[in-house]
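Notes follow the structure.
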Amino acid sequence: MNTSRRQLLRAGMAVAAAPAMRLVSAAPIQRSAAAVAAEEAALRAATGPDWAAWTGGPTPALVLPDLHGRPRNLDEFLGKVTIVSFWATWCAPCQREVPIMSALAQRYAGKGLRLIAVNAGQARPMLDAFLARLPIHGLVLQDRNGTAMHDWHVAGMPANFVVDRKGAIRYWHLGGMDWTRPAIVDPVTALL
């Protein structure tokens, strides 16, 4: 991550990152619409409204348990274009993005697109309730202690990364995105 982005994340995003630090919450966090809008604006300021080119160095490792407790590794997806999305059930933009990302992953699965949805360490009953309402067409992993979030420089939710077929992060974005816009979808599908 370049110095200016790191400084922005440290200085201006403490408020936006605060919900991400509540990794195991017993109930959804209630925030005003103004607070949610302010958090989303702060996150978008880090990367802009669209994908930003990744300049944060090599792709961090990603080895986490799936919903059955089996360890899964990002390396399993070499040869595929993979969207890695860090999310939480309390995250309003995540709730809007999950169905659209899932549909995109399903639509382009035959061309090699995959989705890895990394949950921010929430309790299994919360995950099950969320997934019953908004199923994810992809692999759901649990970052129980926040290690992956730290390693991937996740400073707020959602945090999305596009990993190419060789395993290199090509693009990233913090905050909600409109996954129906060509500026968001086209860079992903161009890698297929």
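Criterion first (farther than 26 Å from Pro182 by Cα and either open to solvent by less than 20 Å² (accessible area, probe 1.4 Å) or of a type in the set (Phe, Trp, Tyr) (or both)) does Trp90 satisfy it? Criteria met by Trp90. Among the candidates Ala105, Ala148, Ala132, Ala38, the residue that is free of Cβ contacts under 8 Å to residues at least 12 places away in the same chain and either over 16 Å from the mean Cα position of the chain (by Cα) or part of a helix (DSSP H, G or I) (or both) is uniquely Ala132. In the stretch 88-102, the count of residues that are under 14 Å from Leu67 (Cβ atoms), under 13 Å from the mean Cα position of the chain (by Cα) and in a loop (DSSP other than H, G, I, E, B) is one or more. When Gly121, Gly176 are checked against the criterion of being in a loop (DSSP other than H, G, I, E, B), out of contact with any strand residue (DSSP E or B) (no Cβ under 9 Å at 6 or more places or on another chain), open to solvent by less than 40 Å² (accessible area, probe 1.4 Å) and modelled with pLDDT under 95, a single residue qualifies: Gly176. Within the stretch 110-129, the set of residues being without any contact (Cβ under 8 Å) to a residue 40 or more places away in the chain and either touching a His at 6+ places or on another chain (Cβ under 6 Å) or on the phi > 0 side of the Ramachandran plot (or both) is empty.
The values are calculated or read from the model by the stated rules, or taken from the named source; none is laboratory data. None of these values were measured; they are calculated from a predicted model. We place every Cβ from the backbone using ideal geometry, glycine too, and count neighbours over all the protein chains shown. Calculation scope for accessible area: heavy atoms of the full protein, side chains included, ligands and nucleic acids excluded. Shrake-Rupley method; radii C 1.70, N 1.55, O 1.52, S 1.80 Å.
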